[in-house]
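The values are calculated or read from the model by the stated rules, or taken from the named source; none is laboratory data. Values in this document were obtained by computation on a predicted structure and should not be read as measured data. Because the Cβ atoms are built from the backbone with ideal geometry, glycine has one as well, and the counts that use them run over all protein chains shown. For accessibility, only protein heavy atoms count, side chains too; no ligands or nucleic acids. Shrake-Rupley method; radii C 1.70, N 1.55, O 1.52, S 1.80 Å.
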Amino acid sequence: MDLLFQNQRLKLLQTKKTVEWLVNNTTVSVFDPIDFKGYQRKIDDKHCSRIVEYLKREFFLPTAIICATDDDFSEDSQLRIVDGQHRVHAFEVLEKEVPERYEEIKRYEIPVIVMADVDENTEIDTFITINKTSKKVDTSLALVLKNKMNRDNDSENLTMSKAEYIAVELAQTLNFANSSNNIWYNKILFEGNPKNTAQTISLNAFVKSTRTLLKHYEKANLITLSWNNDLEIRNTIEKCNKILTAVWNIIKRKWPDLFEQDLGKCKIIQGAIGYSAFNRVMVWMLDNRKYEDEYEFISDFERGIQRLSVRTMKWLPGESFSKYSSESGYTIVARELYDEMKE
């Protein structure tokens, strides 16, 4: 075993372990949105099956499995996989489905890098760094995990974390659902700045604005952020999706010219300016009136939109609303909209 690196925060050890040892001595800390523990996504079965098919024919896995442990590491240590969970899971699947092949490879050795005696935040930060250029779901989960690392575990911060989690899941649901009434399809950029892209808003901007709105949805009893199982989480996401889709189709009917194929026309109204402004409008509506359910809220929003005299021109790039590209600017746009929308 070689010591690769050590400082006060991190100790890296390099070793080799057999396939069989890895199957029997590793675990995966899967992110649980109920208690907000863990950090890994669930296994992608399709990705895993491709590895299994490869292992049936070949065995060449030069990249090290990266793991973490709470102690100084010994042969009896139980390791948490930071990077490589699909490879190890593929070994497990192979053992069940093609036991004769597993017998052939179970004593093969694989390089392993162990983060010894490591704290959870360092472990999560390493996971994010490794996966930052991976699939977009990793990018979105990374946003939740980064903020989780920076918050205490008091009830207020947990509520914010749950609202943030729903906002991220909602962004994925909207961005990848190609349906006739979903105007957010392929409009949310999961990495980087949307300025010169086909998208209109970044994931960060979408989530930052949405999580505040969701806390007010809960305060108004339109949704719940207190869940006990995956079904309740899914129901919350679906209800948020229903409200947001309905609201934005109302906005589209008010200014249909902005939502044509010309991307430039919707860059402001569907960008951080318009999205954040309308979310502020909804927050003020929820703060100033009690609604029996989401249907009453959506109807009230539609009546307010119909009162607006704001012309299409104001939403175009280079026109008046486009100049308000800051948090205070979003509030100025929202105030102009809200004052006209009120009865």
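Numbers below:
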{"item": "Pair list, Cβ < 6 Å and 6+ apart or interchain, from region 76-101 residues that are free of Cβ contacts under 8 Å to residues at least 24 places away in the same chain to residues that are crowded, with 17+ Cβ neighbours inside 10 Å and of a type in the set (A, V, I, L, M, F, W, C)", "result": "84/65"}
{"item": "Neighbours by Cβ (under 8 Å, 6+ apart or cross-chain): first from region 279-304, on the phi < 0 side of the Ramachandran plot and outside any helix (DSSP H, G or I); second open to solvent by less than 50 Å² (accessible area, probe 1.4 Å) and small (Gly, Ala, Ser)", "result": "290/220; 291/220"}
{"item": "Single match in 336, 296, 340, 302 (criterion: open to solvent by less than 80 Å² (accessible area, probe 1.4 Å), among the acidic types (Asp, Glu), within 22 Å of residue 257 (Cβ to Cβ) and out of contact with any helix residue (DSSP H, G or I) (no Cβ under 7 Å at 6 or more places or on another chain))", "result": "336"}
{"item": "Residue under evaluation residue 51, criteria (1) open to solvent by 60 Å² or more (accessible area, probe 1.4 Å); (2) in contact with a helix residue (DSSP H, G or I) (Cβ under 6 Å, 6 or more places away or on another chain); (3) farther than 29 Å from residue 227 by Cβ, criterion not met", "result": "(1)"}
{"item": "Failed condition for residue 68, given (1) open to solvent by less than 20 Å² (accessible area, probe 1.4 Å); (2) modelled with pLDDT of 95 or more", "result": "(2)"}
{"item": "Filtered residues of region 54-65 (kept if open to solvent by 80 Å² or more (accessible area, probe 1.4 Å) and assigned to a loop (DSSP other than H, G, I, E, B))", "result": "58, 60, 62, 63"}
{"item": "When residues of region 251-292 are limited to those that are among the aromatic types (Phe, Trp, Tyr) and more than 17 Å from residue 323 (Cβ to Cβ), the one most open to solvent (accessible area, probe 1.4 Å)", "result": "284"}
{"item": "Every residue from region 25-40 that is open to solvent by 60 Å² or more (accessible area, probe 1.4 Å) and either among the acidic types (Asp, Glu) or in contact (Cβ under 8 Å) with a residue 12 or more places away in the chain (or both)", "result": "27, 35"}
{"item": "Per-region count, region 305-326, residues touching a residue at least 24 places away in the same chain (Cβ under 8 Å), open to solvent by 60 Å² or more (accessible area, probe 1.4 Å) and in a helix (DSSP H, G or I)", "result": "2"}
{"item": "Residue within region 226-245 that is in a loop (DSSP other than H, G, I, E, B), in contact (Cβ under 8 Å) with a residue 24 or more places away in the chain and within 27 Å of residue 321 (Cβ to Cβ) present", "result": "no"}
{"item": "Checklist (1) surrounded by 14 or more Cβ atoms within 10 Å (Cβ to Cβ); (2) of a type outside the set (D, E, K, R); (3) over 30 Å from residue 161 (Cβ atoms); (4) out of contact with any helix residue (DSSP H, G or I) (no Cβ under 8 Å at 6 or more places or on another chain) applied to residue 74, failing item", "result": "(1)"}
